[in-house]
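The values are calculated or read from the model by the stated rules, or taken from the named source; none is laboratory data. All figures in this text were calculated on a predicted structure; none of them were measured in a lab. Backbone-built Cβ (ideal geometry, glycine too); neighbour counts: all protein chains shown.
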Amino acid sequence: MTNYHYSKENYREPPIADADEDHISLSFPIEGGDFTHAGYGSSEIKRTLKKLAADPKIVRRIAIAAYEAEINVVAHAYKGRISAVISSDAIRVFIEDQGPGIPDIEQAMQPGFSTASPKVREMGFGAGLGLPNIRDNVDFLHIESEVSIGTILQFCILFRNE
Amino acid sequence: MRIKEIIEKLNLTVYFSPEEDAEITGGYACDLLSDVMGHADAGSIWVTIQTHQNIVAVAVLANLPAIVLSRGVKPQDLTIDKCRDESVYLLGTEETTFEMTGRLYDLGIRGTKR
Ligand SMILES: Nc1ncnc2c1ncn2[C@@H]1O[C@H](COP(=O)(O)OP(=O)(O)OP(=O)(O)O)[C@@H](O)[C@H]1O
Ligand SMILES: [Mg+2]
């Protein structure tokens, strides 16, 4: 098992929403190879945040990070799930998959590194920029992966204005 | 600049036009979707030769109100449907990406500043 951890300078883990606090949980399956429905979970998350009147700049960061992670499951893994918990101060997103796993996460994080198939590249993916994009948009990122088993990626974005 | 004005001045093909007009505040040209998500400013008009419906998802997530398909490439039917669902302008031109961005620049549209 390999893992990767990133958190923004002065990032402080927001408290997990307790049972009393209002929070919203969303969860959607992801099918490997299904580029027609790819991105459904991220769009629903974005829609929900818009309804909550969250700051559009922050919504954009969340939507991009979620979409990149979701597309990685579609492009590189077999099946997975995207789940989000929205509380008053932050959103936490979990994307887990059953798939080939990532043997060297540091290498995968390098801009330009990609193992995407020609079919995936034809659609405009496979630039090797997805994981770096996720890191640039989030306050906290943790990736765990096991070869031949799968990958868990989780990130957190705070709602405070910067 | 209003998108309707751009469509008219550059004589763009309209594959789908939502009812509401949109304000274009910048431009971006690239066929790598992750690059677009990473670097195009919100409000940009996006020039690309990608035609798959994922371009609409990218435009929506990154707040890009309009996509221009260059070099005469035609959108897939599902791409047009998705633009209808998501209220994204889907436009086209016979010109190459290079020519198209030049014309947008001439209209005063500027790219993302690095
Ligand atoms: N969920 C995953 N399962 C297996 N491998 C993955 C997964 N996510 C990423 N990878 C590996 O990490 C590499 C880099 O991922 P990244 O998202 O940065 O680029 P990409 O998906 O190849 O291209 P792009 O995101 O620009 O379309 C991938 O090519 C793949 O080898
Ligand atoms: Mg990717």
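Listed values, structure above:
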item: Output for region A:131-151, where each listed residue is under 18 Å from A:Asn3 (Cβ atoms) and within 14 Å of chain B (Cβ to nearest Cβ); result: A:Leu131, A:Pro132, A:Ile134, A:Arg135, A:Val138
item: Test: B:Ser34 is under 17 Å from A:Pro56 (Cβ atoms) and touching a Gly at 6+ places or on another chain (Cβ under 9 Å); result: no
item: Residue match in region B:25-43 (condition: among the polar types (S, T, N, Q), in contact with a Phe, Trp or Tyr (Cβ under 9 Å, 6 or more places away or on another chain) and in contact (Cβ under 8 Å) with a residue 12 or more places away in the chain); result: no
item: Residue in region B:21-45 that is farthest from ligand 1 (Cβ to nearest atom), counting only those that are facing chain A (nearest Cβ under 7 Å) and out of contact with any helix residue (DSSP H, G or I) (no Cβ under 7 Å at 6 or more places or on another chain); result: B:Asp31
item: Some residue of region A:105-124 being within 16 Å of ligand 2 (Cβ to nearest atom), buried (at least 19 other Cβ atoms within 10 Å of the Cβ) and within 21 Å of B:Ala59 (Cβ to Cβ); result: yes
item: Filter pass, B:Asp31 being more than 16 Å from ligand 2 (Cβ to nearest atom), of a type outside the set (A, V, I, L, M), closer than 28 Å to A:Gln110 by Cβ and surrounded by fewer than 18 Cβ atoms within 10 Å (Cβ to Cβ); result: no
item: All positions within region A:78-133 that are within 14 Å of the chain's Cα centre (by Cα), near ligand 1 (Cβ under 8 Å from one of its atoms) and not polar (S, T, N, Q); result: A:Gly80, A:Ile95, A:Asp97, A:Met109, A:Leu129, A:Gly130, A:Leu131, A:Pro132
item: In region A:1-53, residue surrounded by the fewest Cβ atoms within 10 Å (Cβ to Cβ) [restricted to those that are hydroxyl-bearing (Ser, Thr, Tyr) and closer than 18 Å to A:Asp89 by Cα]; result: A:Ser25
item: Odd one out for B:Leu91 among (1) surrounded by 20 or more Cβ atoms within 10 Å (Cβ to Cβ); (2) within 11 Å of another protein chain (Cβ to nearest Cβ); (3) not acidic (Asp, Glu); result: (2)
item: Test: residue in region A:15-30 that is at pLDDT below 95, closer than 14 Å to A:Leu153 by Cβ and within 16 Å of ligand 1 (Cβ to nearest atom); result: no
item: Filtered residues of region B:46-70 (kept if more than 11 Å from every other protein chain (Cβ to nearest Cβ), buried (at least 23 other Cβ atoms within 10 Å of the Cβ) and either in contact with a Ser or Thr (Cβ under 6 Å, 6 or more places away or on another chain) or touching a residue at least 40 places away in the same chain (Cβ under 8 Å) (or both)); result: B:Val47, B:Ala66, B:Val68, B:Leu69
item: Unmet requirement for A:Asn72, which otherwise passes all of (1) away from every other protein chain (no Cβ under 14 Å); (2) closer than 21 Å to A:Val147 by Cβ; result: (1)
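For (1) among the charged types (D, E, K, R); (2) within 17 Å of B:Gly92 (Cβ to Cβ), each residue gets a yes or a no:
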{"site": "B:Tyr15", "(1), (2)": "no, yes"}
{"site": "B:Leu32", "(1), (2)": "no, no"}
{"site": "B:Asp35", "(1), (2)": "yes, no"}
{"site": "B:His39", "(1), (2)": "no, no"}
{"site": "B:Ile49", "(1), (2)": "no, yes"}
{"site": "B:Gly72", "(1), (2)": "no, yes"}
